[in-house]
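See below for the structure under consideration.
Please treat every number below as a calculation from the coordinates, not as lab data. Quantities reported herein were computed from a predicted structural model and do not represent experimental measurements. In this analysis, Cβ positions are derived from the backbone assuming ideal geometry, glycine residues included, and neighbour counts consider all displayed protein chains.
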Amino acid sequence: AAFPIGVATAAGDDPKSILKSDKVQELVKQHFNQITAENIMKPQYLQPTEGSFYFEQADALIDFAESNDISVHGHTLVWHHQSPQWMQDCATVAECTNFMEDHITTVVQHFAPKIDTWDVVNEAFHEDGSYRNQQKDWEGGSFWYQMLGESYIATAFKAARAADDDIELYYNDFNIEMNGAKLEAVLDMVKGFQADSTPIDGIGFQMHIKSDFPSLENITSALEKAVATGLKVKITELDIRINEGAKSSVLTTQLAESQKQRYKEVIDAYLEVVPAAQRGGVSVWGVKDSDSWIIDLYGNIDWPLLFDNDLNQKPALEGVAEAL
Ligand code: XIL
């Protein structure tokens with residue numbers, strides 16, 4: 001395909017690290033042309049203590065990618081999760097701004113020119129479309145918003161652009177393919193950026209979805225609205241869970257087939273709606289089912305990805321291949 005087909009991989013100390021498995025490396029080389037680090041490029045990994053950047057693990061992953069003609073999508077510069085405690089403890093506007101700008105500048109410049117697309121800000125909105133703050137604790141508040149207000153997002157994008165004007169800057173979020181209020185909030189933010197020339201190049205749809213929800217119509221219309229901004233549109237973290245409520249203890253042929261169709265229809269919709277020039281690509285969030293974060297999140301067995309626990313390809317992979 002003429003655009004990135006990516007996969008999130010564990011790396012670093014993670015026992016599931018791609019660098020610890022020749023078999024995973026072979027499979028990734030065969031099926032994908034982009035990698036996202038599942039964790040190790042998040043702020044808590046890259047700057048565990050103030051001013052001490054830890055790039056070795058990320059550099060090792062990038063070396064693997066580079067020597068195999070695989071690009072790396074950077075994830076993520078600014079997030080309310082997986083940020084080190086010292087960063088979360090910033091106490092004044094000046095200090096918080098400084099922590100954020102310094103992290104962004106150092107990280108972007110370290111990885112340039114090897115990383116040319118970044119998720120700059122991840123998950124800034126609540127489900128009702130308000131900015132994620134500290135009040136709605138069940139959804140997780142943002143210390144950045146609490147300290148800096150909504151302008152922290154523009155500050156982050158400007159810092160990323162200032163660090164390297166050759167990179168593509170994404171805003172990334174979940175549920176925006178199904179939740180109109182949240183999508184509208186993202187689109188309003190984008191329009192505001194465009195109106196006052198705050199840099200932004202793309203919208204990332206995480207797309208952690210189910211085989212039967214949301215509807216294809218919903219996904220299609222959300223993608224259309226994103227395309228209308230003129231920005232790039234990327235599916236950044238696709239996984240399709242098929243076992244809500246642990247109804248099945250095994251991956252049945254029927255479940256596997258419905259998942260195959262779902263992978264196919266989502267990527268078909270992406271190709272139909274997003275013009276070639278605006279395609280940021282499609283990435284799945286993990287290699288094999290047992291590695292998927294979905295299992296931990298929902299606390300029951302599921303099979304959301306393209307390869308089974310023995311790294312055999314599932315019907316889902318055929319669904320992707322048929323769409324491409
Ligand atoms: C998840 C990882 O998959 C887990 O290993 C980690 O424990 C938590 O983060 N949205 C994102 C990703 O943007 O960074 C998250 O990744 C999944 C949800």
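One residue stands out among those in the stretch 38-58 that are surrounded by 15 or more Cβ atoms within 10 Å (Cβ to Cβ) and assigned to a helix (DSSP H, G or I): the one that is nearest to the chain's Cα centre (by Cα), which is PRO43. Please find, within the stretch 126-148, the residue that is surrounded by the fewest Cβ atoms within 10 Å (Cβ to Cβ) out of those that are free of Cβ contacts under 8 Å to residues at least 12 places away in the same chain and assigned to a loop (DSSP other than H, G, I, E, B). Only one residue tops the list, namely GLN135. Answer yes or no: is there a residue in the stretch 165-179 that is in a strand (DSSP E or B), within 21 Å of PRO43 (Cα to Cα), among the acidic types (Asp, Glu) and touching a residue at least 12 places away in the same chain (Cβ under 8 Å). There is at least one residue in the stretch 165-179 that is in a strand (DSSP E or B), within 21 Å of PRO43 (Cα to Cα), among the acidic types (Asp, Glu) and touching a residue at least 12 places away in the same chain (Cβ under 8 Å). Residues of the stretch 72-87 that are within 11 Å of the ligand (Cβ to nearest atom) and out of contact with any Phe, Trp or Tyr (no Cβ under 9 Å at 6 or more places or on another chain): HIS81 alone. Exactly one residue out of LEU251, LEU306 is of a type outside the set (Ser, Thr, Tyr), more than 18 Å from ALA321 (Cα to Cα) and buried (at least 18 other Cβ atoms within 10 Å of the Cβ), and it is LEU251.
Note on the stretch 238-276: among residues that are charged (D, E, K, R) and within 17 Å of LEU306 (Cβ to Cβ), the one that is farthest from the ligand (Cβ to nearest atom) is GLU257. Has the stretch 54-77 got at least one residue that is of a type in the set (Phe, Trp, Tyr) and closer than 27 Å to PHE174 by Cα? There is no residue in the stretch 54-77 that is of a type in the set (Phe, Trp, Tyr) and closer than 27 Å to PHE174 by Cα. Scanning the stretch 180-217 for residues that are part of a helix (DSSP H, G or I), of a type outside the set (D, E, K, R) and closer than 16 Å to GLU127 by Cα yields GLY180, ALA181, LEU183, ALA185, VAL186, LEU187, MET189.
The residue that is farthest from the ligand (Cβ to nearest atom), counting only those in the stretch 12-36 that are closer than 22 Å to MET207 by Cα and among the aliphatic types (A, V, I, L, M), is VAL28. Tallying residues that are farther than 17 Å from LYS42 by Cα and polar (S, T, N, Q) within the stretch 83-114 yields 3. With respect to the conditions (1) buried (at least 22 other Cβ atoms within 10 Å of the Cβ); (2) part of a loop (DSSP other than H, G, I, E, B); (3) away from the ligand (no atom under 16 Å from the Cβ), VAL108 falls short on a single one, namely (2). When we screen ILE209, ILE235 for residues that are under 25 Å from GLU150 (Cα atoms), within 15 Å of the ligand (Cβ to nearest atom), of a type in the set (A, V, I, L, M, F, W, C) and out of contact with any Cys (no Cβ under 9 Å at 6 or more places or on another chain), the only hit is ILE235.
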